[in-house]
Ligand code: P6P
């Protein structure tokens, strides 16, 4: 009988969730615990970034051509190291690395899962103290056990995700993760160093009053998209418009607000970027999986994000994501 208590840690919660699957082996729970450990280590550095000399560009340029902040590098190295030593990860793919990293030790070759992540999304916000986050997703590998994993293990559709999640380093540090059993949020209790269940069975409201887009790009947007933005700003009490505009410029923070309060987040294509900016495999897929498991919707405007067959590791896609009714209304007006 599950003990009823006020405080349930991430490990306890995933343990009890595992018991709901009769042939589960607990490997996914172990992976989530390991990712939680890595993010606690990242959290420690993020919290003291203002004090320690780890602000400012690392001087390197990552595969995206973006200058790497030192915290980016640290977060990436921590996640790779923890997952390489995990009992259940065959390899990883990261926003910060050109290619996949296949772990070639015997234990990793026998592991069933691979992990993709953006180690520190929104890192340009570090030195202005805005919320940033780690985004991850876990897939069952398709390559043969006993071999090193390969690119095909990572180029899977988002609907194959076994678990997805993010950690937001904000006013409090929270992990939100989704499996087909639903979406749950855990707040880091710093005094005991544990992620504790704080937001059970999270649901994305079907409607909302917030639209989130970088309006600085408006002149580059298609006419239908500009018309939709005017719709958001038009006065209509019946449909609770004008909506409020909120844009933090950190996908994890903008989508955490969208998950809790409802709304729509958009990073569409424009006249200069036909696929928008955000990455399919380790940004749009995991966030769409979370939002859809919570009852919302994630689409490129032409197809569901989770149905896309990836063709390369760092491909970009346009994204409209959030409250189901708002996303459907936007897509009907724009496409
Ligand atoms: P822009 C952060 O760099 C990021 O990858 C996402 O977290 C965020 O949603 C987006 O880019 C912000 O991009 O062009 O508005 O600065």
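Readers should treat all values here as calculations from the given coordinates under stated rules, not as data from a laboratory. All values reported here derive from a predicted model rather than from experimental measurement. Neighbour counts are summed over all protein chains in view; Cβ atoms, including those assigned to glycine, are modelled from backbone coordinates with ideal geometry.
Sort all Cα-Cα distances of the chain into consecutive 20 angstrom bins from zero, then give the percent of pairs in each bin up to the one containing the longest distance.
Bins of 20 Å from zero give 32, 59, 9, 0 percent of pairs.
Could you work out the helix-only [θ] at 222 nm for the chain, with each DSSP H run of four or more residues adding -39,500 (n - 2.57) and the total divided by the number of residues, to the nearest 500 deg cm²/dmol?
Values: 8 runs with 91 residues, N = 335.
Mean residue ellipticity, 222 nm, calculated: -8500 deg cm²/dmol.
Quick check for you: which residues of the stretch 251-289 have the amide N under 13 Å from the point 7 Å beyond the Cα of residue 304 toward its beta carbon?
Residues 288-289 qualify, since their backbone N sits under 13 Å from the label point.
Quick one: of the DSSP bridges fully inside the stretch 210-334, what percent are antiparallel, nearest 5?
Numbers: 10 of 14 bridges.
Bridges in the stretch 210-334 are about 70 percent antiparallel.
Tilt of helix 27-47 relative to the longest C-alpha principal axis of the chain, in degrees (0 to 90, nearest 10)?
70 degrees
Set the Förster distance to 22 Å, then compute FRET efficiency between residue 81 and residue 16 from the Cβ-Cβ distance, nearest 0.05.
Numbers: r = 29 Å, r/R0 = 1.30.
With R0 = 22 Å, the Cβ-Cβ based efficiency is 0.15.
Rounded to whole Å, give me the distance from the Cα center of the stretch 146-175 to that of the stretch 271-322.
For the stretch 146-175 versus the stretch 271-322, the Cα centre distance is 14 Å.
Normalised by the number of residues in the stretch 210-334, what is the relative contact order in percent for Cα pairs under 8 Å and 6+ residues apart?
Computed over the stretch 210-334, the figure is 28 percent.
Rounded to the nearest 5, what % of DSSP beta bridges with both residues in the chain are antiparallel?
If we restrict to bridges inside the chain, about 85 percent are antiparallel.
Give the angle, between 0 and 90 degrees and rounded to the nearest 10, that separates the Cα long axis of helix 223-233 from the longest principal axis of the Cα atoms of the chain.
90 degrees
First check a/c for the stretch 10-199, with a ≥ b ≥ c the square roots of the eigenvalues of its C-alpha gyration tensor; if it is under 1.5, answer rounded, and if not, answer prolate when a/b is larger than b/c or oblate otherwise. It would help to have the intermediate numbers written out before the result.
Working: a/c = 2.02, a/b = 1.23, b/c = 1.64.
Oblate, because a/c is 1.5 or more while a/b does not exceed b/c.
In whole percent, what relative contact order does the chain give with Cα contacts below 8 Å and a gap of six or more residues?
Averaging sequence separation for qualifying contacts and normalising by length gives 15 percent for the chain.
Full-extension gain between residue 312 and residue 196, please, as 0.36 nm times their residue separation minus the C-alpha to C-alpha distance.
Once the chain is fully extended between residue 312 and residue 196, it gains 38.1 nm.
In the stretch 194-225, which residues have a backbone nitrogen under 12 Å from the label point lying 7 Å from residue 240's Cα in the Cα-to-Cβ direction?
Residues 205-211 qualify, since their backbone N sits under 12 Å from the label point.
Quick one: angle between helix 70-84 and the longest Cα principal axis of the chain, in degrees between 0 and 90, rounded to 10, please.
Orientation of helix 70-84: about 50 degrees from the principal axis.
Which part of the stretch 193-224 falls in the paramagnetic zone of residue 332, meaning amide N under 14 Å from the point 7 Å along Cα-to-beta-carbon?
207
Taking 8 Å as the Cα distance limit and 6 or more residues as the minimum spacing, I'd like the relative contact order of the stretch 10-199 as a percentage.
15 percent
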